[in-house]
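The values are calculated or read from the model by the stated rules, or taken from the named source; none is laboratory data. Small disclaimer: the values here were computed from a predicted structure and weren't measured. Using ideal geometry, Cβ is built from the backbone for each residue, glycine included, and neighbour counts are taken over all protein chains shown. Accessible surface areas use protein heavy atoms only, side chains included; no ligands, DNA or RNA. Shrake-Rupley method; radii C 1.70, N 1.55, O 1.52, S 1.80 Å.
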Amino acid sequence: MTRKFNFCAGPAALPTAVLERARDEMLDYQGRGLSVMEMSHRSDEFVAIARKAEADLRALLDIPANYRVLFMQGGASTQFAGVPLNLLGAGGAANYLYSGIWGKKAIKEAEHLAVGSHVAASSESNGLIAVPRQNAIQLSGDAGYLHYTANETIGGLEFDYIPEVPADVPLVCDMSSSILSGPLDVSRFGVIYAGAQKNIGPAGLTLVIVREDLLDRARKDCPTMLNWKTAAEADSMFNTPPTYAWYLSGLVFEWLKDEVGGLAAMNAINDRKAQTLYAAIDGNDFYSNPIVIENRSRMNVPFVLADDRLDAAFLAESEAAGLLNLAGHRSVGGMRASLYNAVPEAAVTALVDFMGDFARRHG
């Protein structure tokens, strides 16, 4: 079997070492005679897996003791509703920064819940090629929180700063596609949430990191399965959690700590990968990327060809060359290379070499 280079935006590549260990433990986990996916989530074996995963994540992100880590279901999109339902029990307006499609979906969900949403700043006027700057943010007088999407996977737009908010306004961030890509000051946030299927593990798990003082703010109509306090009090096991996804995520955390060397080392690798690909795009008139340089995403790099009639040929030839899932999102077209943690530097080198060859042959 030959592994190919996977640039999928999600579900995304997983580290080969993690997949190999999961394979070795598939039928018989540490001599127990069964698979992790067959274990009771209440068993001593799985509770130990869960506790180690959380401990490793806390160590990687240096999560303060007054934050709870929740392993939940439903994907990050479920938290579009979970955020206002958990934070606006005492009233107030949901405030948002709009910088792309995922931020827009979060705003629409708040509107659907009729909680009173306010767009505090938007990238719409610049065509979604730059994030709103700090001096453009105008919170509503009754702001219950400020929400933003750190990295827009579709547009390839990433915040280059953490927004400043008043002490009484929690900062909430969707970090689905950027979490664990480098060091992070968790204490700057009230809530961080992230779908697993990009930098954490397989689809089916959603990570929520929430400051403890925010666990008592839920609306009365917040469903039990969305209530962060319920999840925290039950150690994320109010019902049967996605146990195998939790286990695999724990293996990814181990890989980041023990094989990569932590998030500072991962950050340096991700910088090199992104710089290599953007240099190839900028250095050849055959390709282009519209995002302002300071907001170019490290995780998701969209680019277009000078002649979009060649798109189909580019995708067919790149796949034949072992470079998978390079098609841009259906809403925008073009190409997109997602460079998550598990995508090795060799993959970027192979992509850049292919791009150069394709441009020479078709330019």
Principal axes first, then extents: for the Cα atoms of segment 39-113, list largest minus smallest coordinate on each axis, whole Å, largest first.
43, 29, 28
How large is the accessible surface per residue of the chain, computed with a 1.4 Å probe and reported in Å² as a whole number?
43 Å²
Which of the listed residues, Tyr98, Leu70, Ala53, is farthest toward the dipole's positive end in segment 1-118, when Lys, Arg count +1 and Asp, Glu count -1 at the beta-carbon?
Tyr98
When the label point is put 7 Å from the Cα of Asp216 along its Cα-to-beta-carbon vector, which residues of segment 48-87 have a backbone N closer than 15 Å?
87
Semi-axes of segment 288-362's equivalent ellipsoid from the Cα gyration tensor, sqrt of 5 times each eigenvalue, largest first, rounded to whole Å?
18, 16, 12
What are the principal axis extents of the Cα atoms in segment 204-262, in Å, biggest first?
45, 25, 16
Here the relative contact order (percent) of the chain, from C-alpha pairs under 8 Å and at least 6 apart, is 24 percent
Using helices alone, what [θ] at 222 nm do you get for the chain, with -39,500 (n - 2.57) per DSSP H run of 4 or more residues, divided over all residues and rounded to the nearest 500?
-10500 deg cm²/dmol
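Working out 0.36 nm times the residue gap between Met225 and Thr2, then minus their Cα-Cα distance, what length gain in nm do you get to one decimal?
Taking Met225 through Thr2 to full extension adds about 76.2 nm, to one decimal.
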With the Cα gyration tensor of segment 100-210 in hand, convert its eigenvalues to equivalent ellipsoid semi-axes via √(5λ) and list them largest first in whole Å.
21, 16, 15
Restricting things to Cα coordinates, could you compute the convex hull volume per residue of segment 231-292 in Å³?
177 Å³
If you average over every viewing direction, what projected area does the convex hull of the Cα atoms of segment 47-163 give, in nm²?
8.9 nm²
Calculate what fraction, in whole %, of the accessible area of the chain sits on carbon and sulfur atoms when a 1.4 Å probe is rolled over the protein chains.
50 percent
